[in-house]
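Remarks on the structure that follows.
The values are calculated or read from the model by the stated rules, or taken from the named source; none is laboratory data. Since this is a predicted model, take the numbers as computed values, not measurements. Cβ atoms come from the backbone with ideal geometry, glycine included; neighbour counts cover every protein chain shown.
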Amino acid sequence: MRDDSRRLVIDGGQSIVDFDNKAFKPIPQEGIDLAVSAMSRGVMYRYQPKQKELSLTAKLERSFSQYIGVKHTVGTNSCGSAMYIALNVVGVQPGDKILTNAFTFHAVPSVIHHARAVPVLVESNREWAMDAEDLDKKATETGAKILLMSYMRGHVPDMDAVMAVVKKHNLIFIEDCAHAYATLWNGQMLGTFGEIGCFSTQSSKGLSAGEGGLYITNNDEYAAKAVLYAGSYERLWTKHFDLDAELMNRLQNQIPGYSMRMQEVTAAMLTPQIERLEYIKNTHVENWNLLHSLIDGHANIEIPMPLPQVDSFCDTMQFHLVGLSREKADQFIDVMKMEGIPMQIFGAKRNARDYRQWEYVEAHKEELGETIANIEFACDLSLQPHLTLENMRTIAQVFHEVLAYINAQ
Ligand SMILES: Cc1ncc(COP(=O)(O)O)c(C=O)c1O
């Protein structure tokens with residue numbers, strides 16, 4: 001694997017990386033055409049079209065519901081907004097305790113803070129998913145009644161164990177699926193286990209539009225309330241598919257509107273992307289499997305595998321650096337960056353996915369030993385779908401060369 005004739009960039013050599021592993025997906029031409037048409041007609045607001053059949057946002061919501069197999073989707077301006085709306089929909093009050101991952105992106109505790117609630121951080125396991133035993137323990141200790149769980153970087157806990165805890169404590173379960181498009185547990189799509197699922201369409205995600213979010217539910221009342229919280233007023237709810245008129249008439253003036261609607265241009269960009277998700281997933285899975293086969297087994301790399309029930313989207317790869325000091329691990333990241341393969345370590349350099357950095361929540365002071373141990377040397381590699389199998393071979397070669405260099409220091 002190691003090409004001994006090649007000098008690394010740090011030694012004055014040339015990079016062999018001619019791609020950007022983090023470059024975001026371009027919008028398919030059909031999405032560009034729809035967006036340009038909406039803009040040139042001046043129809044950027046989702047409620048501007050006269051009927052729901054003409055609204056790109058309403059049609060996107062219907063398509064996403066059909067794709068996932070749920071009754072309702074509500075478009076929002078971000079996943080953070082979708083989660084904030086979800087907390088309001090289920091009746092969170094200031095001071096309420098919300099069970100959530102100690103290892104996730106800071107958008108999640110931020111949403112809990114936004115609702116003036118209090119996160120209860122649950123430990124993450126070696127594969128960066130929520131530890132169901134600790135969930136049970138924290139639910140018992142705190143009496144918290146709501147679980148907002150992230151499938152961080154697409155990692156899925158033992159869902160049977162999580163659902164048993166949800167049932168045991170009668171938790172209201174909200175799923176953060178920002179990183180879990182087309183991800184299944186025992187053949188069931190993530191986002192359909194809880195009362196509400198929230199997806200992100202920010203650019204690095206499976207569906208990509210710069211910003212945006214999708215809120216899904218099978219509960220008619222939760223859908224009705226979300227539409228109103230997102231900012232539907234008067235009888236604009238008639239421009240959604242599948243809402244219950246009696247429910248809407250009853251709730252219409254009881255719920256504030258937080259102006260978190262999706263806009264038509266976002267829906268335009270997303271319209272052709274749903275049917276491409278499976279194709280993109282196949283590319284991710286092929287790339288991931290090849291790279292895994294080329295670097296797994298290296299003495300400094302540990303790649304925890306998902307449980308057999310999980311069918312993953314594989315758009316990123318995480319691995320633990322083992323047998324390296326902090327200094328050498330940081331050096332590895334620096335030298336990889338010089339080679340043209342940027343990565344991060346979750347538990348280092350004030351990373352926003354390290355709960356100890358969330359100083360706006362009290363829980364950032366806690367000593368969560370399992371989570372700390374599992375993020376301390378955890379590397380995060382983005383593998384966007386424009387990358388090829390050849391690119392995976394190059395990444396693997398660079399990994400081997402850089403680790404050899406680090407070990408020789
Ligand atoms: C795990 C996770 N959840 C939620 C979000 C929030 O998504 P958005 O940027 O659409 O609000 C992010 C953002 O990257 C995330 O990483």
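Among the residues making up region 77-97, those that are more than 16 Å from the ligand (Cβ to nearest atom), in contact (Cβ under 8 Å) with a residue 40 or more places away in the chain and outside any helix (DSSP H, G or I) are VAL90, VAL92, ASP96, LYS97. For region 322-373, enumerate the residues that are among the polar types (S, T, N, Q), surrounded by 14 or more Cβ atoms within 10 Å (Cβ to Cβ) and farther than 30 Å from GLY95 by Cβ. Those that are among the polar types (S, T, N, Q), surrounded by 14 or more Cβ atoms within 10 Å (Cβ to Cβ) and farther than 30 Å from GLY95 by Cβ: GLN331, GLN344.
Can you name the residue in region 185-230 that is assigned to a helix (DSSP H, G or I) and of a type outside the set (Gly, Ala, Ser) and, of all such residues, is nearest to the ligand (Cβ to nearest atom)? Of everything passing the filter in region 185-230, TYR229 is nearest to the ligand (Cβ to nearest atom). A single entry from VAL74, VAL70 fulfils the requirement of being surrounded by 23 or more Cβ atoms within 10 Å (Cβ to Cβ) and either not in a loop (DSSP other than H, G, I, E, B) or not charged (D, E, K, R) (or both): VAL74. Taking region 116-176 and the strands (runs of 3 or more DSSP E) fully enclosed by it, the elements with 3 or more residues that are within 25 Å of SER204 (Cα to Cα) and not assigned by TED's automatic domain parsing to the domain that holds MET317 are at 146-150, 172-176.
Which members of region 340-385 meet the condition of being in a loop (DSSP other than H, G, I, E, B) and of a type in the set (Ser, Thr, Tyr)?
Across region 340-385, the qualifying residue is only TYR360.
Of all the criteria given as (1) out of contact with any Pro (no Cβ under 6 Å at 6 or more places or on another chain); (2) closer than 17 Å to GLY154 by Cα; (3) among the small types (Gly, Ala, Ser), the one not satisfied by SER312 is (1).
Restrict the check to region 43-66 and report whether at least one residue is under 20 Å from GLY194 (Cβ atoms), surrounded by fewer than 24 Cβ atoms within 10 Å (Cβ to Cβ), in the same structural domain as ARG235 (by TED's automatic domain parsing) and out of contact with any Gly (no Cβ under 9 Å at 6 or more places or on another chain). For region 43-66, residues under 20 Å from GLY194 (Cβ atoms), surrounded by fewer than 24 Cβ atoms within 10 Å (Cβ to Cβ), in the same structural domain as ARG235 (by TED's automatic domain parsing) and out of contact with any Gly (no Cβ under 9 Å at 6 or more places or on another chain): present. Checked against (1) within 16 Å of the ligand (Cβ to nearest atom); (2) closer than 22 Å to LEU147 by Cβ, ARG116 passes all but a single condition, namely (1).
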